[in-house]
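Q: Handing you this structure, nothing more for now.
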Amino acid sequence: MSHHFTISKYSSDFWEPFQEHSWAYISIQHYIETHPDREESDIVVITEPSYTDKDYLIDFANYYVRCHENIEKKVKRHHFFYATTDELNDLFSQFYSGDTSKNKRNRLNKLINDKYVGYVIQKPITSGRIGRTVLKRYPDKTKRKHDRCLEVTKVNTVHLNGITLTINSLPFQEQDSAVAACATMAIWTALQALEVIFGVSVSNTPSEVTILAYNNFNGLAVSPKFPNVGLSTYQIVDVFYKLGYEVMNYNVKQLNDKKIQYLLIGYLSQGYPLIATLYIYEEGKEEPEGHAVAITGYCYDKKNDAITKLYVHDDQIGPYSCVEFSEGNFLDWTNEWITERGCKKVKLQGFIIPLYHKIRLSFTSLYTQVIEDIEDACRKEDPYLIIKPYLINSSLYKKSLIDDLVPIIGISKIESILFAELPKYIWVVRVGKGEFPFRDYIIDATTQLCEGYLEVNFVNNESE
């Protein structure tokens, strides 16, 4: 039995239709061609020429259907695999064979899934062509053996002619300068991760996010609704409030570099997305342009206890764009805006963090009421101790103790905390050295004021 789609060998010519209209295709092309999992493998492409994408279809109904230009309402979806055409053809032929047993079909499905890189949606509009894009994340270790934290993610299920593919990655989408600009896309990206971490349904497409930003909004807007060229910071915050989230809004003037590192680790390590607001300084322009991106992860040097890179979904660059900065300076970013676009500076302005509405203790309150005291105590005890705060669901925290610590230290040292009644969300301030934790300080994250903490010691079997 033959399968009814075409498997084509990939070449760089594939990207020619994107060259005049897409900002992000170069980054996506590079990502697919140089992914560490590729090694020496060929790349093959399977294209669905007439695919119905929910995000684009709703955006089409909200804006494009009333345009004079005749615009298609369906998209092309391109799937990428690390394999040869013969190899993939053989796997598909076996999968669709009528005499293949269910167990063998499941094994073939897994083999196909192991070779899957992800997909790119090509929208039939000329103002921005790349729609929802899901690409396989990089591995957890870098070539220099630093830890790569990309926990802001979701498991995406993809159906391709009866084959079920899964890929762990955070979806990306390029702005189209009509129904959505950078801030809208940063919100849309964050919502993909919030669906997972808070168990809520994502139903807002880019155009719906923009519409929501203007509904009953009495603040300062920076553009008309459609075509849209941007949202103000007030509108970004307002969208999340309308969707039922609490919002923590931090100006970097409130934070030094150590606090920024704590904040980044505290949220990103547990999968909470951050929106970064930026100023981009272009050559020949006196005033900077505002920009917004979703921070999706970081690279961490354990030896020096330092974040060395950030990873961002930038709708005008691509997914998992790498941001570098000089040591101890998170405010001046170096990425494609400078290296490829010729801009003078990219300056971090602040963070917008959408959270479950019962999470009320801000990071700044946590720092002044708890972390500063812990820092003082650690300096006296051992200057090489490392402090890592993080926000977590208390049930997941208990599970992590069982999974990570019980095999090392046994259950007796953590038994009391496993059976303790804790609020749904907690801040944990972990103190340790190297890979081994010495103690955790547990703080209620559902109250605005810190009224003490629970201390759990992993070394001397004492807890308070």
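The values are calculated or read from the model by the stated rules, or taken from the named source; none is laboratory data. Please read all numbers here as calculations on a predicted model, not as lab measurements. FYI the Cβ positions are ideal-geometry reconstructions off the backbone, even for glycines, and counts take in every protein chain you see. Just so you know, the surface numbers come from the protein's heavy atoms only, side chains and all, with ligands and any DNA or RNA stripped out. Shrake-Rupley method; radii C 1.70, N 1.55, O 1.52, S 1.80 Å.
Q: If you check Ile353, Ile338, which single one turns out to be of a type in the set (A, V, I, L, M) and either more than 27 Å from His30 (Cα to Cα) or in contact with a Gly (Cβ under 7 Å, 6 or more places away or on another chain) (or both)?
A: Numbers: Ile338 fails: either more than 27 Å from His30 (Cα to Cα) or in contact with a Gly (Cβ under 7 Å, 6 or more places away or on another chain) (or both).
Exactly one residue qualifies, and that residue is Ile353.
Q: Quick test for you: out of Thr277, Thr189, pick the one residue that is open to solvent by less than 10 Å² (accessible area, probe 1.4 Å), within 25 Å of Ile338 (Cα to Cα) and modelled with pLDDT of 90 or more.
A: None of the other options fit; the residue is Thr189.
Q: Further question: Pairs needed: first member in segment 189-207, under 21 Å from Tyr63 (Cα atoms); second member anywhere, aliphatic (A, V, I, L, M) and not in a helix (DSSP H, G or I); C-beta distance under 7 Å; at least 6 residues apart or different chains.
A: Listed by first residue and then by second, the contacts come to Thr189/Leu170; Thr189/Ala294; Pro206/Val179; Pro206/Ala180; Ser207/Val179; Ser207/Ala180.
Q: Being outside any strand (DSSP E or B) and either in contact with a helix residue (DSSP H, G or I) (Cβ under 6 Å, 6 or more places away or on another chain) or open to solvent by 70 Å² or more (accessible area, probe 1.4 Å) (or both) is the filter here, so list the residues in segment 435-457 that pass it.
A: Glu435, Gln448, Leu449, Cys450, Glu451, Tyr453
Q: Within segment 39-51, track down each residue that is in contact with a helix residue (DSSP H, G or I) (Cβ under 8 Å, 6 or more places away or on another chain) and either open to solvent by 20 Å² or more (accessible area, probe 1.4 Å) or of a type in the set (D, E, K, R) (or both).
A: Asp42 - this is the single residue of segment 39-51 that is in contact with a helix residue (DSSP H, G or I) (Cβ under 8 Å, 6 or more places away or on another chain) and either open to solvent by 20 Å² or more (accessible area, probe 1.4 Å) or of a type in the set (D, E, K, R) (or both).
Q: Considering segment 391-409 alone, what residues qualify as being over 29 Å from Asp301 (Cβ atoms) and open to solvent by 70 Å² or more (accessible area, probe 1.4 Å)?
A: Residue satisfying the conditions is Ser395 alone.
Q: Which residues, taken from segment 80-116, are open to solvent by less than 50 Å² (accessible area, probe 1.4 Å), of a type in the set (Ser, Thr, Tyr) and either part of a helix (DSSP H, G or I) or within 30 Å of Ile28 (Cβ to Cβ) (or both)?
A: Answer for segment 80-116, where residues must be open to solvent by less than 50 Å² (accessible area, probe 1.4 Å), of a type in the set (Ser, Thr, Tyr) and either part of a helix (DSSP H, G or I) or within 30 Å of Ile28 (Cβ to Cβ) (or both): Tyr82, Thr85, Ser93, Tyr96, Tyr116.
Q: Only one of Ser362, Ser416, Ser412 is within 31 Å of the chain's Cα centre (by Cα) and open to solvent by less than 80 Å² (accessible area, probe 1.4 Å). Can you tell me which? So that I can check it myself, show each step before the final result.
A: On the way: Ser416 fails: within 31 Å of the chain's Cα centre (by Cα); Ser412 fails: within 31 Å of the chain's Cα centre (by Cα).
Selected residue: Ser362, the only one of Ser362, Ser416, Ser412 that is within 31 Å of the chain's Cα centre (by Cα) and open to solvent by less than 80 Å² (accessible area, probe 1.4 Å).
Q: Counting just the residues of segment 196-229 that are at pLDDT 70 or above, part of a loop (DSSP other than H, G, I, E, B) and of a type outside the set (S, T, N, Q), which one comes out nearest to Tyr356 (Cα to Cα)?
A: The selected residue is Phe198.
Q: Moving on to the next point. Within segment 283-295, take every residue that is touching a residue at least 40 places away in the same chain (Cβ under 8 Å) and out of contact with any Lys or Arg (no Cβ under 9 Å at 6 or more places or on another chain) and give me the one that is most open to solvent (accessible area, probe 1.4 Å).
A: Step by step, filter segment 283-295, then rank; the result is Gly290.
Q: Which of the residues belonging to segment 117-137 are of a type outside the set (Val, Ile, Thr) and surrounded by fewer than 19 Cβ atoms within 10 Å (Cβ to Cβ)? Before the answer, list the steps.
A: Filtering segment 117-137 for residues of a type outside the set (Val, Ile, Thr) gives 118-119, 122-124, 127-129, 131-132, 135-137.
The answer is Pro124, Ser127.
Q: While we're looking at this one, here's another question. How about segment 320-339: which of its residues are surrounded by fewer than 19 Cβ atoms within 10 Å (Cβ to Cβ) and either under 20 Å from the mean Cα position of the chain (by Cα) or in contact (Cβ under 8 Å) with a residue 12 or more places away in the chain (or both)?
A: Start the filter on segment 320-339 by keeping residues that are surrounded by fewer than 19 Cβ atoms within 10 Å (Cβ to Cβ), which leaves 322, 324, 326-329, 331-332, 334, 338-339.
Passing the criteria: Cys322, Glu324, Glu327, Gly328, Asn329, Leu331, Asp332, Thr334.
Q: Shifting gears a bit: Suppose we filter Tyr241, Tyr272 for residues that are outside any helix (DSSP H, G or I) and hydroxyl-bearing (Ser, Thr, Tyr); which single one remains?
A: Tyr272
Q: Now, a different point. Go through segment 3-20 residue by residue and tally those that are assigned to a loop (DSSP other than H, G, I, E, B) and either open to solvent by less than 50 Å² (accessible area, probe 1.4 Å) or small (Gly, Ala, Ser) (or both).
A: Total meeting the criteria: 4.
Q: While we're here: Based on what the data block shows, is Thr142 open to solvent by less than 50 Å² (accessible area, probe 1.4 Å), of a type outside the set (Gly, Ala, Ser) and more than 15 Å from Gln29 (Cα to Cα)?
A: yes
Q: Residue check, Cys343 against (1) within 21 Å of Glu287 (Cβ to Cβ); (2) hydrophobic (A, V, I, L, M, F, W, C); (3) under 20 Å from the mean Cα position of the chain (by Cα), all met but one. Which one?
A: (3)
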